[in-house]
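The values are calculated or read from the model by the stated rules, or taken from the named source; none is laboratory data. Computed from a predicted structure; not experimentally measured. Backbone-built Cβ (ideal geometry, glycine too); neighbour counts: all protein chains shown.
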Ligand SMILES: Cc1cc2nc3c(=O)[nH]c(=O)nc-3n(C[C@H](O)[C@H](O)[C@H](O)COP(=O)(O)OP(=O)(O)OC[C@H]3O[C@@H](n4cnc5c(N)ncnc54)[C@H](O)[C@@H]3O)c2cc1C
């Protein structure tokens, strides 16, 4: 049974941590440098946040999904790039805990929870992310090891990871079988000659450590198979709703950052002898954001609570991800309008929130695909 951490205590600790140790100028510097400081990642381990939902037997706190969404909102409020890296790490840890065998869990989870080992997650490829089943990467068992050829793109933190957990085709599906058959998850160690990792520089989420990974006869031991051979995609399906709840919480955090900064600015910036916040044209969009933010958060928490009861709220998870992403887009756009030229200045946090929020409309699942899933749940024909 997962533990619920008191929301107010978690929020207080997180806000105080960022305010005291990583205030906005330090975050801004990391964004500009395109790297999360190693000490920040280690601090997340020290605070027990990397192990938040990991079983206690492996150094975690075994907290529930609702607690994870509360922490995610706080991390995203402070630093979007960190929130992306955190979310990806949390998904990898969950997969290891869910389908890993005892040796794999013991080898990776305690070090991940402590912040001493980073793990990356490679699903997307240059050929596309939405149609994940079209992936081209192949792994073949030769003697006692897997030999991997292919590419993974946009892999968060791969350049600092000890291993990449990737999805590759290990078996060709029979023509009568679905494309999902024959895909397997493998834990592939980095730092080997067959694997080249390079950074991809982005306009948003600049410090998330996005990478291109080239596998040219890279190897992994036969024991690196995570879960059942040929059933890797099915293992992933079990984590999608959690991933979408966390993505929703990330969007809520970004929207809150934009709202709080815009309100603070509107209270002090003067025009025509009055604070601009006194004008309805400024006040009303901020009021809209406040209402939308509240609704998005409730939706995210509703999904998290359903997950914590053992349900699989697939349609609601798609709705929460979709709605919260659009709220983040509107909130950051409105924030930019309120700050005008000051929002566009590179020293402004608002332009960072605005750039970072762009990720939320297409990742981890695109809003179009989320709409497809909701449409199907309404009883309409599958559109893809
Ligand atoms: C900062 C960052 C970090 C990331 N981290 C990771 C990571 O760690 N691991 C990982 O595996 N991936 C990662 N990704 C990749 C991310 O998951 C993909 O970008 C996402 O899945 C979308 O894939 P795509 O960009 O290839 O877009 P595409 O799949 O090419 O989609 C392009 C457009 O077509 C639309 N579209 C596609 N199919 C349909 C359809 N059937 N109906 C309607 N519209 C459709 C999409 O909605 C989108 O608008 C990351 C990306 C970024 C930018």
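Quick notes
- Pairing each residue of the range 123-145 that is touching a residue at least 12 places away in the same chain (Cβ under 8 Å) and within 12 Å of residue 186 (Cα to Cα) with any residue that is more than 10 Å from the ligand (Cβ to nearest atom) and part of a loop (DSSP other than H, G, I, E, B), provided the two are 6+ apart or on different chains, yields C-beta distances under 7 Å for 139/170.
- Residue 168 falls short on exactly one of the conditions (1) more than 13 Å from the ligand (Cβ to nearest atom); (2) in a strand (DSSP E or B), and that condition is (1).
- Within the range 181-204, restricting attention to residues that are part of a loop (DSSP other than H, G, I, E, B) and within 16 Å of the ligand (Cβ to nearest atom), the residue that is farthest from the chain's Cα centre (by Cα) is 190.
- Filtered residue count, the range 304-313, keeping only those that are crowded, with 17+ Cβ neighbours inside 10 Å and touching a residue at least 60 places away in the same chain (Cβ under 8 Å): 5
- Any hit, the range 217-240, residues being assigned to a loop (DSSP other than H, G, I, E, B) and within 16 Å of the ligand (Cβ to nearest atom): yes
- The one condition in (1) within 16 Å of the ligand (Cβ to nearest atom); (2) farther than 24 Å from residue 219 by Cβ that residue 174 fails to fulfil: (1)
- Taking the range 205-215 as the range and being buried (at least 19 other Cβ atoms within 10 Å of the Cβ) and either part of a strand (DSSP E or B) or near the ligand (Cβ under 8 Å from one of its atoms) (or both) as the test, the residues that pass are 205, 208, 210, 211, 213, 215.
- Count - residues of the range 294-303 that are surrounded by fewer than 23 Cβ atoms within 10 Å (Cβ to Cβ) and under 28 Å from residue 276 (Cα atoms): 2
- Just one residue in the set 52, 40 is in the same structural domain as residue 105 (by TED's automatic domain parsing), in contact (Cβ under 8 Å) with a residue 12 or more places away in the chain and more than 18 Å from residue 257 (Cβ to Cβ); that residue is 52.
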